[in-house]
Amino acid sequence: MTRPKLLLGIILLATGITAQAQDSAPTTPWWKAPGSLAADDAKWREEYVQKKEVADAFAASLAQSIKTGKGMGYLDQGGVSPSWYKAPMVVQPFPGKFSAKLYELAYSAFLQAGQLDEAYRLAYTAVLQVPESVVWRQRLIQVGTWLGQREMVLQQWQWMANHGQPGARAAAVKLAAALSRPDIVIQLLSPLARAGQLSDADWKTLIYAYGQLSEPDKAIADINQSLQRTGPNRFLLEQEAYLSYQRGEIAQSLAALQGVEKHFQATPDIAIQEARLLSMQGNYTEAFAAMDRVRSKASLNNVPFWHLLAVLAWEIHDHNAAFDAEKKLYLLDAASQYDLQRLIMLTGPTNPEAALAVARRGWEKYQLAYFYFESLTYAGQAHAWKTLGRLLRAVPARDPQKLRSYATYWLAMGQWANAVENYPAAERAYAEALRLNPEDEIAKNNLLWMLVDSGNVQALRALLVGDALQPSDSLRDVTQNALERLGHDASALFLARQRQQQSLKPTSLQLLNEASLWESAGNSGIAWSLRQKAIADSLSSLQNHRQERAPNE
């Protein structure tokens, strides 16, 4: 007469192992649930791809310009003289005294005859003899421009700017910048800068000129004097932050950025700079706070912002913020391998299907063993057996990355083979895992459960020789069920009683299992008591669950 045994289905349910041959199908796919990784995938990806195409087109155009030399400045062409360059003319002034009427007549005649060299010589002579004459300086500028004498033209514009001629300063600055004469740019603009009378465009020109001379400290001095005269100015504070950072003055740069945040509306770009500086000082909490204050203002495709926010949130263990940032990077296909690793760790405990999708993305993009093994792990946890099978078969025969040399590969192979009820393949896979790592208790546990499930009594008997009555905690349940399968009820009951002696509170399923063992041993009274306790524990758990839900309903 056969005696009742605990249903193997209950055992397998208790250990989280199922024998489904196909991928499980949740009622609501994870990628369609609100707030899931790909809920807004299409919209975000479309916006990002559009901007990326524009950026790629610009980069290609720039590369072509560099290759051909078209549209590039004189210095960028390796010093090759551009077509407009003319060597300075050596001019001998006309002899004799200056005569206004005679010079006017001669200048007109030279222009009508097309004798520009003579007209230039005449204007040059007039400026030497009558240096205060604005008219003749203008004429020297005119004919000098036609002849390509830009240095001479610059000298005349500079003189006129210093003498307050309208428009002369702007023309002189423009030409000095084109001729890479930062000294003249500074002479013309620095006094106006210190007086607080410079436009943002001219400030850029002045700061660039100081940069050409490697004098950022003088640019900062001009900025500070202007700020003292005019009060807070967003543009100047941002420039001061940049220049201070270039000089390695982190505290000064940070103070300027915080001045922007204090007096003006903070932006994601300012927050990024501020957070980076705070991070350099080790103030990660403050750095995250600076980013978090403008999080709602950051566009969905602001990749640098979300990259930094993710790193800082992870650093201070704000996993909700980290997940929000990493999710955006994932959907924009802008996540680095480290972003994907963090996202796997964030989603894995609660959403193995999402973790599987991220791990597979990492494997396809980076071909790193880490992502492959994470894909195997989460495919098993999600019971995605078809996906797991495809991943296992994806390893080429030559196995260049030596993926089959890791026990994890064979554990996944065993799990997949067990799920599709290919028990011989599962047994071989677990045996290989144990050969690679004889102390792997996961492999031992899975192998024993597979043998119990398949009813392979011979193999079970061989494996349980020796320390069957003294298993490790991780192998206690499977050993107890294996002994029961072999008909060793006394030994199985010994392990069940040993749990109680060690003050390990049994679960309802374990109580039912022990009750079955006592009944098999002829102690139906104890079996009845254990079943009653299991029922009482289940009712108590149900009541507690209802009480916890009641306030929210």
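The values are calculated or read from the model by the stated rules, or taken from the named source; none is laboratory data. For clarity, every value in this text was computed on a predicted model and none was experimentally measured. Here the Cβ is made from the backbone with ideal geometry for all residues, glycine too, and neighbour counts use every protein chain on show. Just the protein is used for accessible areas: all its heavy atoms, side chains included, with ligands, DNA and RNA removed. Shrake-Rupley method; radii C 1.70, N 1.55, O 1.52, S 1.80 Å.
Need a quick list: helices (runs of 4 or more DSSP H) entirely within the range 106-212 having at least 1 residues that are over 26 Å from LEU227 (Cα atoms). Step through it out loud before you land on a result.
Working: elements: 116-129, 134-146, 150-162, 168-178, 182-194, 200-212.
In the range 106-212, the matching helices (runs of 4 or more DSSP H) lie at 116-129, 134-146, 150-162, 168-178.
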Residue list for the range 210-227, filter: open to solvent by less than 60 Å² (accessible area, probe 1.4 Å) and more than 35 Å from the chain's Cα centre (by Cα):
ALA221, ASP222, ASN224, SER226, LEU227
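How many residues does the range 305-336 hold that are open to solvent by less than 10 Å² (accessible area, probe 1.4 Å) and within 22 Å of ASN283 (Cα to Cα)?
Within the range 305-336, the subset open to solvent by less than 10 Å² (accessible area, probe 1.4 Å) is 305-306, 309-310, 312-313, 321-322, 325-326, 329, 331-332, 335.
In the following step, the residues that additionally are within 22 Å of ASN283 (Cα to Cα) were identified as 305-306, 309-310, 312-313, 321-322, 325-326.
Qualifying residue count for the region: 10.
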Being part of a helix (DSSP H, G or I), open to solvent by less than 30 Å² (accessible area, probe 1.4 Å) and either among the hydroxyl-bearing types (Ser, Thr, Tyr) or without any contact (Cβ under 8 Å) to a residue 12 or more places away in the chain (or both) is the filter here; which residues of the range 228-244 pass it?
SER244
Residue count, the range 266-304 (criterion: among the acidic types (Asp, Glu) and open to solvent by less than 20 Å² (accessible area, probe 1.4 Å)):
1
Does any residue in the range 169-187 that is farther than 12 Å from ARG150 by Cβ come within less than 8 Å, Cβ to Cβ, of a residue that is not in a helix (DSSP H, G or I) six or more places away or on a different chain, and which pairs are these?
PRO182/LEU213; ASP183/LEU213; ILE186/LEU213
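Considering only the range 304-355, state which residues are of a type in the set (S, T, N, Q) and either without any contact (Cβ under 8 Å) to a residue 12 or more places away in the chain or over 22 Å from PHE373 (Cα atoms) (or both).
Residues of the range 304-355 that are of a type in the set (S, T, N, Q), as a first pass: 320, 336-337, 341, 347, 350-351.
Hits for the range 304-355 are ASN320, THR350.
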Filter result (open to solvent by less than 60 Å² (accessible area, probe 1.4 Å), farther than 22 Å from ARG342 by Cα and in contact with a helix residue (DSSP H, G or I) (Cβ under 7 Å, 6 or more places away or on another chain)) within the range 389-408
GLY389, LEU392, VAL395, LEU403, ALA407
